[in-house]
Every structure is written in structure tokens, then in C-alpha cells.
1. Confirm whether G97 is without any contact (Cβ under 8 Å) to a residue 60 or more places away in the chain, within 25 Å of the chain's Cα centre (by Cα), assigned to a loop (DSSP other than H, G, I, E, B) and surrounded by 15 or more Cβ atoms within 10 Å (Cβ to Cβ).
2. For residues that are surrounded by 12 or more Cβ atoms within 10 Å (Cβ to Cβ) and within 25 Å of R2 (Cβ to Cβ), scanning just region 23-57, find the one that is farthest from the chain's Cα centre (by Cα).
3. Could you tell me whether region 63-75 includes any residue that is under 24 Å from C115 (Cα atoms), in contact with a Ser or Thr (Cβ under 7 Å, 6 or more places away or on another chain) and open to solvent by less than 100 Å² (accessible area, probe 1.4 Å)?
4. Evaluate region 8-18: report whether one residue or more is of a type in the set (V, I, T), more than 22 Å from E131 (Cα to Cα) and either open to solvent by 30 Å² or more (accessible area, probe 1.4 Å) or part of a helix (DSSP H, G or I) (or both).
5. Can you name the residue in region 81-94 that is part of a loop (DSSP other than H, G, I, E, B) and within 27 Å of K144 (Cβ to Cβ) and, of all such residues, is modelled with the lowest pLDDT?
6. So if I check each of Y126, Y118, which one is in contact (Cβ under 8 Å) with a residue 12 or more places away in the chain and among the hydroxyl-bearing types (S, T, Y)?
Amino acid sequence: MRCKNCKEIFEPKHFNQKYCFDSDCVAVWVEKSKKDNWKKLKKRMKAELETTQSLMKKCQSVFNRWVRLRDAGQPCISCGGELGEKYDASHYFSSGGHKSVTFDPDNVHASCVHCNRYLHGNLLNYQIGIEKKIGGERLFELHKKAHETRKYSKDELRDLIGFYGELIKKLKKN
């Protein structure tokens, strides 16, 4: 086997040994392991210091990307028109006041920019469109769920980020 540092051939004492026992090579090996340990520690500390608010933003971003991919090619939920190049992931119940349905797939659908941003969701037509899409029974359940109180933990948000991230990967493959 060749040393990763000096490129000399050596006989490893351990199956995963990548450096020979020359003093320069050992010094490089020690420095690399310190750097690797620091990177792992930094990553773990960064994850521990992440706030619930920053995780909510990240989760919302991943969830909205998934909704846009899921609903690509479908008409606007509110007006029934074409979505165009740019379109939004529009919440029927706002995420600010209804945390329990912020990441509920029944609550969020693709909407044209005009309806979502300039008509504030075009809610009357949104309700008609959502009832056609998910049915009256699921819409009624969504109404009940929307008025429940909900707080997400950091672990729940990390799980949701991972879950919707995997769904995005699956949709991009297809």
C-alpha cells in the first residue's frame, strides 16, 4: 500500500491505515484527524444551536418546493388558469395563524402568483377548487384540524425536512 502523504510503499499494521510511520506522515495524519474531529464537532454544535424558528423556515422552504413539484402541470387551485413559469405554494389556512396545518398537504396547493399574492389567495375560489381536488369530507377534516393548537419540536421539524426532502428526490427522478 502507498502512504497517502509521501506516496512511499509501506506495510500497514491495521486494515484502515493510510499513512506510513514516518514522522512527517504521522504529523500529517494527526492534523487531518484533528481537522476531521473539528468538522464533526462543528456540525453537531451547529445542529444543537439551530432554533425552532430557523428550522420552521427551512421546513417551510422544503415543503413548498415539494408542493410545487407535486402540483406542476396542474391548473391554479383558485382560478383554474395555467400556472405559468412562476407559481406559489398557496396555503388555504395561513401558516401564521394555523400552525397545525402549516405542513399539511391538503392545506397547500399550487396557485398562480396573481391569485396568491395580489388577491390574497382568492379564498372563495380556492375553497371551490380545494373541495373539487380533495373532496368535502377531507376539507371538513382540514377545517377541524386548522383550529387545533400546535407547536413543533426541533426533532419533528428535522423529521419533516427529511421526509419532504426524500419526496422531492422521488419526484425529481420521475
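The values are calculated or read from the model by the stated rules, or taken from the named source; none is laboratory data. For clarity, every value in this text was computed on a predicted model and none was experimentally measured. Cβ placement follows ideal geometry from the backbone for every residue including glycine, while neighbour counts extend to all protein chains displayed. Ligands, DNA and RNA are stripped out before the accessible areas are found, and what is left, the full protein with its side chains, is counted by its heavy atoms. Shrake-Rupley method; radii C 1.70, N 1.55, O 1.52, S 1.80 Å.
1. The answer is no for G97.
2. D24
3. no
4. Here is the first cut: in region 8-18, the ones of a type in the set (V, I, T) are 9.
Checking the rest, the ones that are also more than 22 Å from E131 (Cα to Cα) come to 9.
When the remaining residues are screened for being either open to solvent by 30 Å² or more (accessible area, probe 1.4 Å) or part of a helix (DSSP H, G or I) (or both), the result is 9.
Yes - at least one qualifying residue is present in region 8-18.
5. Among those residues, the one meeting the criterion is S94.
6. Y126
Here's the yes/no breakdown for (1) surrounded by 13 or more Cβ atoms within 10 Å (Cβ to Cβ); (2) over 21 Å from C79 (Cα atoms); (3) acidic (D, E); (4) more than 17 Å from the chain's Cα centre (by Cα):
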| position | (1), (2), (3), (4) |
| --- | --- |
| L123 | yes, no, no, yes |
| I130 | yes, no, no, yes |
| G135 | no, no, no, yes |
| E141 | yes, yes, yes, yes |
| A146 | yes, yes, no, yes |
| Y152 | yes, yes, no, no |
| D155 | no, yes, yes, no |
| G162 | no, yes, no, no |
| K170 | no, yes, no, no |
